[in-house]
Amino acid sequence: MKEMPNVLWLEEIKKEDIVSVGGKGASLGEMASIGLPVPKAFVVTAQAFRRFLVETGIEDALFRRLERLDVDDNGALESVARDVQDLVLSVEMPDHIQQEITDAYARMGADGTVVAVRSSATAEDLPDASFAGQQETFLNILGEDDLLDAVQQCWASLYGARAIYYRAKQGFDDRSVNIAVVVQELIRSEKSGVMFTSHPVTGESLPIIEGSWGLGEAVVSGAVSPDNYVFDLRSERVVDRLIAEKEIMIVPEGEHGTKIVELSGEQRTAPVLSDAEVARLAMLGKIAEDHYGVPQDVEWAIVGDDVFILQSRPITTIKRPEIPRGEAEPAEQPKGALGVMLLEGQGASPGVASGRVVIVRDVKDTSAVKDGDILVTKMTNPDMVPAMRRVNAIVTDEGGMTCHAAIVSRELGTPAVVGTKKATKILKEGQIITVDGEKGIIYEGAVEAPAAAAPAAVPAAAASAPVITGTLVKVNVSLPEAAKRAAATGADGVGLLRIEHLILGLAKTPGWYIEHGAEEEFIAELYGGIRTVLDAFPGKPVWVRTLDAPTDEFRNMEGGEDEPIEHNPMLGWRGIRRDLQSHEQFRLQVEAFKRLWAAGYDNLGVMFPMVNHPDEFVRARAMMKEWGVDVENATLGVMIEVPSSAILIEDFIRAGIRFASFGTNDLIQYTLAIDRNNEHVADMYRPKHPAVLRLIDYAINACREHGVECSICGQAGSDPDMVTWLVGHGINSVSANIDAVPRIREAVARKERQILLDAARRNA
């Protein structure tokens with residue numbers, strides 16, 4: 001059994017290592033592996049932190065102090081947090097951990113390297129919860145002593161009041177959350193900021209880039225109102241820009257820490273980014289989004305001509321409007337309908353809310369914030385999150401779409417207006433106001449929500465009716481925790497449930513469970529995870545893909561010591577080709593499926609990945625029959641991910657498949673010989689390449705002719721333009737990412753209406 005080391009370099013890390021390196025560390029390692037320009041770094045692992053707790057003898061005492069803590073009791077929360085943090089800081093780090101950290105630091109540079117020391121909790125930067133800013137970051141650290149002190153300070157920050165509170169409200173047990181620490185070369189950025197690869201509220205595919213001078217902390221914290229640039233990837237041009245007045249910048253100070261510098265008059269209003277820099281950032285963001293499959297929140301920095309990507313995490317705040325939007329635009333509000341306008345800012349989180357103004361100039365002032373108030377402050381910080389949870393709306397003087405106030409407000413679903421410049425001066429304590437978080441306007445007085453517009457013209461039932469499509473619109477799911485969110489989209493089922501994410505999350509390979517006689521534990525994990533998704537979609541199809549983990553992902557898990565070293569694991573021993581050779585690994589998966597079918601989950605379908613010949617399907621089906629599966633009545637299908645499976649689709653149909661689903665991410669790469677994550681050729685990755693479309697069209701027609709359901713579950717299934725083409729060519733169903741389901745359903749409905757209209761016109 002392999003023991004996780006205390007230190008890992010980025011080159012050794014993949015996103016599946018989140019249990020060891022936390023969300024931030026896993027993301028950095030993953031980005032480095034696909035060639036994005038990430039500064040060199042190493043990670044002090046979560047296992048090192050646990051060894052610290054155990055070897056210093058403070059583990060039990062620490063968790064006893066956190067038991068039965070009422071996090072809504074501010075006094076008790078602050079007191080316990082101080083006690084626990086003092087406990088972590090009161091003991092000396094074991095010598096062997098110190099030595100490994102300082103040895104790694106020495107490898108970064110002979111004369112000592114200035115680094116940023118960033119916390120990376122194992123419940124951080126997750127698809128459903130960002131946990132942004134809950135632990136500490138220390139910038140401009142030089143020297144071994146300061147580095148070791150910063151690492152221990154990061155460990156202690158896991159038990160700050162705001163972090164304890166946030167975990168409790170998100171349902172995370174303190175014992176289950178560990179912390180890693182990223183030690184990364186500090187980029188002395190001349191300009192920096194944050195990029196959303198898609199709009200953070202609507203999800204529209206328009207990268208939004210915010211930037212200011214100096215270190216990115218000024219933008220992330222909301223200390224400055226940044227420039228805002230919107231880039232259109234299709235036309236490859238900047239389509240909107242807002243050049244803000246930037247009053248300050250944050251820069252490194254001496255050999256430790258940072259300082260705030262006031263900007264000159266000329267620099268305050270000068271554009272931070274050129275159009276070429278915006279375009280370059282947008283393309284790097286697209287590479288990250290394409291790789292992860294979901295819109296990303298990216299931190300960046302520029303020094304001279306060099307661009308660096310410092311972090312990338314999923315955007316957790318995209319909210320889609322319910323479909324349909326209504327037959328007509330809402331009537332324009334007459335002047336004064338929302339009262340007297342007091343000031344404007346940037347709409348950062350949509351919604352309209354009224355309440356009493358509470359001006360917060362310091363975190364101590366948050367004790368005055370009551371349920372239903374409007375929090376008004378210069379800029380929010382993570383210490384204010386408990387108060388931010390209680391209020392009806394948030395207004396700040398500084399900040400942009402990517403600042404702390406904006407991100408947390410969207411996650412909480414609280415209306416917010418940021419960057420007003422003068423809210424704390426114009427608004428008065430106790431004043432009643434109304435905040436429009438979409439338009440970015442603050443009005444005087446409480447405003448009642450306007451009455452529903454002309455119910456006689458648009459009956460309520462009609463306005464709320466769901467969009468019905470003949471083409472099924474399904475959803476992709478990776479984790480059981482996302483099942484409820486996925487079901488809330490109204491999807492017609494699950495077109496892809498990836499079980500490798502369940503297995504990789506166990507941190508042990510299937511082979512480890514077999515070798516250690518723990519097969520039942522493995523089967524139970526699979527059974528429980530899949531059942532959670534099935535329960536969220538009663539009566540709707542849920543297609544579960546069998547294990548498709550490349551060998552390099554298994555290698556970092558317990559039991560992965562003997563995994564083969566493959567030059568290109570994506571083209572190697574994975575998918576059904578591995579299961580057919582690793583009979584016991586396949587049998588454990590089949591046993592979980594068999595028990596689910598026996599329990600009455602007849603909506604479960606199983607599809608095999610990476611098939612390239614019908615013989616593979618025939619052999620897998622025969623093995624399932626041998627293990628007691630009623631294969632004649634089971635719903636079994638294949639992924640079409642390689643050109644051979646599309647070309648031989650009729651042979652697959654004759655072999656007995658009940659459905660087929662395009663995995664376009666791989667199909668495009670293998671058809672065009674293009675690695676979509678390689679920035680040197682990423683612009684040649686074309687989902688609508690004629691060869692790709694011809695393969696897809698051929699397979700769709702064959703499936704329709706023989707009555708076999710044909711679907712798509714790759715990234716192209718979340719692209720409205722591609723889906724429109726697929727519906728026009730007769731596909732039966734599409735499966736999109738969770739955030740894309742509403743707009744994909746809308747695109748499907750629009751295309752189906754067009755097809756019907758064209759047919760009616762031809763027959764007229």
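The values are calculated or read from the model by the stated rules, or taken from the named source; none is laboratory data. If you're wondering where the values come from, they're calculated on a predicted model, not measured in any experiment. Using ideal geometry, Cβ is built from the backbone for each residue, glycine included, and neighbour counts are taken over all protein chains shown. The accessibility values were calculated without ligands, DNA or RNA, using every heavy atom of the protein model including side chains. Shrake-Rupley method; radii C 1.70, N 1.55, O 1.52, S 1.80 Å.
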## Note on the structure
At 20 °C and 1.002 mPa s, the Stokes-Einstein diffusion coefficient in µm²/s for region 546-594, with hydrodynamic radius from the Kirkwood sum on alpha carbon pairs, is 189 µm²/s
### Message
So for region 1-76, averaging the separation of alpha carbon pairs under 8 Å that are six or more residues apart and normalising by length, what relative contact order in percent results?
### Response
31 percent
### Query
How are the C-alpha pair distances of region 629-764 spread across 5 Å bins, as whole percents from the shortest bin up?
2, 10, 18, 19, 19, 15, 9, 5, 2, 1, 0
### Message
What's the ranking of 150-157, 246-253 by average number of surrounding C-beta atoms within 10 Å, highest first?
### Response
150-157, 246-253
### Message
Check which residues have an amide H placed less than 5 Å from ALA416's amide H, if you skip close sequence neighbours.
### Response
ALA348, SER349, ILE394, GLY437
### Query
Residues in region 237-260 near a label at THR269, defined as backbone nitrogen under 14 Å from the 7 Å Cα→Cβ point?
243-247
### Cα gyration tensor, region 168-236 - rounded (a/c under 1.5), prolate or oblate
oblate
### Message
Quick one: 3J(HN,Hα) in Hz for region 613-627, Karplus 6.51/-1.76/1.60 with θ = phi - 60°, rounded, Gly and Pro as x.
### Response
8, x, 4, 5, 5, 4, 5, 5, 5, 5, 5, 5, 5, 4, 8
## Note on the structure
So for R0 = 22 Å, FRET eff. of LYS428-ASN381 from the Cβ-Cβ r, to 0.05, ends up at 0.40
### Task
Find out how many positive minus negative residues lie around ASP72, taking Lys and Arg as positive, Asp and Glu as negative, among other residues whose Cβ is under 14 Å from that of ASP72.
+3
### Query
Accessible surface of THR471 in the full protein assembly, 1.4 angstrom probe, to the nearest 10 Å²?
10 Å²
## Note on the structure
The computed P(r) of region 1-91 puts the percent of Cα pairs beyond 20 Å at 52 percent
### Task
For LYS169, list the lysines whose Cα falls under 24 Å from its own Cα; do not include residues on the same chain fewer than 8 positions away.
LYS24, LYS319, LYS364, LYS370, LYS484
### Query
Counting only protein chains, not ligands or nucleic acids, how are ARG234, ARG574 ordered by accessible area (probe 1.4 Å), most first?
ARG234, ARG574
### Whole-number percent relative contact order across the chain, with pairs defined as alpha carbons under 8 Å at least 6 apart
10 percent
### Query
Shape call for region 558-636 from the C-alpha gyration tensor, a ≥ b ≥ c root eigenvalues: rounded (a/c under 1.5), prolate (a/b greater than b/c) or oblate?
prolate
### Task
With +1 on each Lys and Arg Cβ and -1 on each Asp and Glu Cβ, and nothing else charged, work out how big the dipole of region 567-700 is about its Cα centre, in Debye to the nearest 20.
60 debye
### Query
At a 1.4 Å probe, what is the % contribution of carbon and sulfur to the accessible area of the chain?
49 percent
### Query
Which residues' amide hydrogens lie under 5 Å from the amide hydrogen of ALA549, considering only partners 5 or more residues apart or on another chain, with H built in the peptide plane?
GLY575
### Summary
Under the 7 Å Cα-to-Cβ spin-label approximation, GLU262 and TRP9 lie apart by a distance in nanometres of 4.6 nm
### Task
Report the FRET efficiency, 1/(1 + (r/R0)^6), for ASP697 and ALA622, where r is their Cβ-Cβ distance and R0 is 35 Å, rounded to 0.05.
0.65
### Query
How far, in nm, would the chain grow between GLN754 and ALA106 when pulled straight, counting 0.36 nm per residue and subtracting the alpha carbon separation?
226.8 nm
### Message
Given Cβ point charges of +1 (Lys, Arg) and -1 (Asp, Glu) and nothing else, what value in debye, to the nearest 20, does the dipole of the chain about its Cα centre take?
### Response
2700 debye
### Task
Heads up, I need the accessible area for LYS688: 1.4 angstrom probe, whole protein in place, Å², nearest 10.
90 Å²
### Query
Per the helix-only calculation at 222 nm, which mean residue ellipticity applies to the chain, given -39500 (n - 2.57) for every DSSP H run of n ≥ 4 and division by its residues, nearest 500 deg cm²/dmol?
-11000 deg cm²/dmol
### Message
Return the Rg/Rh ratio of region 564-689 with Cα-based radii and a Kirkwood Rh.
### Response
1.02
### Listed residues TRP627, ALA655, HIS613: farthest to the positive end of the dipole of region 592-671 (Cβ charges)
TRP627
### Query
Residue-wise, which Karplus ³J(HN,Hα) couplings in Hz belong to region 637-642, taking 6.51 cos²θ - 1.76 cosθ + 1.60, θ = phi - 60°, and x for glycine or proline?
x, 9, 8, 9, 10, 10
### Task
Search the structure for amide H atoms under 5 Å from the amide H of LEU343, placed 1.01 Å from N in the peptide plane, and list their residues when 5 or more places away or on another chain.
ILE442
### Query
Looking at the chain, what % of its DSSP beta bridges pair antiparallel, to the nearest 5?
65 percent
### Query
Per-residue HN-Hα couplings for region 719-732, Karplus 6.51 cos²θ - 1.76 cosθ + 1.60 at θ = phi - 60°, whole Hz, x for Gly and Pro?
9, x, 5, 5, 5, 4, 5, 4, 5, x, 9, x, 5, 7
